[in-house]
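Since the structure comes first, as structure tokens, the remarks are kept for the end.
The values are calculated or read from the model by the stated rules, or taken from the named source; none is laboratory data. Every value quoted in this text rests on a predicted model; they were computed, and no experiment measured them. Ideal geometry is used to build each Cβ from the backbone, glycine not excepted, and the neighbour counts take in all protein chains shown. With ligands, DNA and RNA removed, areas are computed over all heavy atoms of the protein, side chains included. Shrake-Rupley method; radii C 1.70, N 1.55, O 1.52, S 1.80 Å.
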Amino acid sequence: MNDQKLKIALQKSGRLSEDSMNLLKKCGIRFSNGLGKLRSDAENFPLEIYFLRDDDIPEYVADGVADIGIVGENVLAETEKAIEIVEKLNFGKCRLALAVPKNFAYRSVKDFEGKRIATSYPNILRAFCASNGIETEIHTISGSVEIAPSIGLADAVCDLVSSGSTLFSNGLREVETVMTSEAVLVSRTALETGLQCVLDKLLFRIQAVKAARQNKYILLNAPNEKLEKIIKLLPGIKSPTVLPLAASGWSSVHSVINENDFWESVEKLKDEGAEGILVLSIDQMIR
Ligand code: PRT
Ligand code: ZN
């Protein structure tokens, strides 16, 4: 391993912090993140970790203070910095949406014409309004956007939504998705060869962790006469492993299944006579 250290910026404390740190830990990278710590050196990987506010991460990466970072696509789009998305990370999922008070008779995006919209994302909203040919009055506020209509500051809001319960409890109804977002790994452009090499190693591990999260390891017992049908239900990475059981006429089948069709697969396997089904999480998966 070369001795150049890659500098990564993570959110210090907030919705992305825990998932970002867990991802590095699953990649086998050890570091301490004690309370109030602003930077940390990884013990077993050439990585220096900076803990920052999420809004500052694109700028730190664009300026080269950090080489890479983990940030929401929404923050990235709002700051309009010239940095690259290297990998989508499958967490921190949300959408930036337009919402109106429940009694607003909404029909189409044209209903926003001339309206006051409160948001923390003025650049994204401005671009959205322009591409829809509408003129709006954008009020930029940095927090608690959802209360703007009830205090008379705005007619509508453009805010991040995940479950929708914040909008609902403030008497608002989501009517348009402006953008969808998830946490992404970003990088400054033109990394030096040594640093690019460290990033490639990190990416290889991140992709293995992502693949593992989307899959489960499954073990089951099958009567030999049903093996053919059961194997068809379990494609695995190449094909399932089949081992004889001590009890005659039975086999143990091991495979990997996608989490999305997990319950459906298990039901079909049971219908075909599979018994003793065990399902395990996978930490890393390298195809
Ligand atoms: O202190 P710092 O500046 O670092 O953090 P922050 O307070 O600005 O950001 P934080 O930690 O709230 O969010 C970090 C990132 O998480 C965001 O930039 C998004 O990419 C992502 N994310 C995912 C969310 C949400 N889901 C989310 N639900 N960010 C914010 N929210 C808020 C939203 O603003 C609204 O107030 O949650 C509320 C809505 O949630 P529901 O579930 O009621 O719809
Ligand atoms: Zn922030």
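Just to verify a result, which residue in the range 22-43, among those that are outside any loop (DSSP other than H, G, I, E, B) and farther than 17 Å from residue 204 by Cα, is farthest from ligand 2 (Cβ to nearest atom)? My answer is 41. Counting only strands (runs of 3 or more DSSP E) that fall entirely inside the range 147-218 and contain at least 2 residues that are closer than 27 Å to residue 66 by Cα, the qualifying elements are 172-181, 183-187.
In the range 182-200, of all residues being open to solvent by less than 10 Å² (accessible area, probe 1.4 Å) and either free of Cβ contacts under 8 Å to residues at least 60 places away in the same chain or within 16 Å of ligand 2 (Cβ to nearest atom) (or both), the one that is farthest from residue 111 (Cα to Cα) corresponds to 186.
Kindly indicate whether any position in the range 138-151 is among the acidic types (Asp, Glu), under 30 Å from residue 8 (Cβ atoms) and not assigned by TED's automatic domain parsing to the domain that holds residue 66. Checking the range 138-151: not a single residue is among the acidic types (Asp, Glu), under 30 Å from residue 8 (Cβ atoms) and not assigned by TED's automatic domain parsing to the domain that holds residue 66.
Could you say whether any residue in the range 232-243 is part of a strand (DSSP E or B), surrounded by fewer than 16 Cβ atoms within 10 Å (Cβ to Cβ) and not β-branched (Val, Ile, Thr)? Looking through the range 232-243, at least one residue is part of a strand (DSSP E or B), surrounded by fewer than 16 Cβ atoms within 10 Å (Cβ to Cβ) and not β-branched (Val, Ile, Thr). Filtering the range 158-173 to residues that are in contact (Cβ under 8 Å) with a residue 40 or more places away in the chain and under 22 Å from residue 16 (Cβ atoms) leaves 158, 159, 160, 161, 162, 167. For the range 119-139, residues that are in contact with a strand residue (DSSP E or B) (Cβ under 6 Å, 6 or more places away or on another chain) and under 15 Å from residue 155 (Cα atoms) total 6. Considering only residues in the range 50-86 that are among the small types (Gly, Ala, Ser) and over 15 Å from the mean Cα position of the chain (by Cα), the one that is modelled with the lowest pLDDT turns out to be 82. Counting only residues that are open to solvent by less than 70 Å² (accessible area, probe 1.4 Å) and without any contact (Cβ under 8 Å) to a residue 40 or more places away in the chain, the range 1-28 holds 4 of them.
Checking 70, 85, 57 one by one, the residue that is outside any helix (DSSP H, G or I), assigned by TED's automatic domain parsing to the domain that holds residue 199, crowded, with 19+ Cβ neighbours inside 10 Å and of a type in the set (A, V, I, L, M, F, W, C) is 70 and no other. Tallying residues that are of a type in the set (Asp, Glu) and within 28 Å of the chain's Cα centre (by Cα) within the range 98-125 yields 0.
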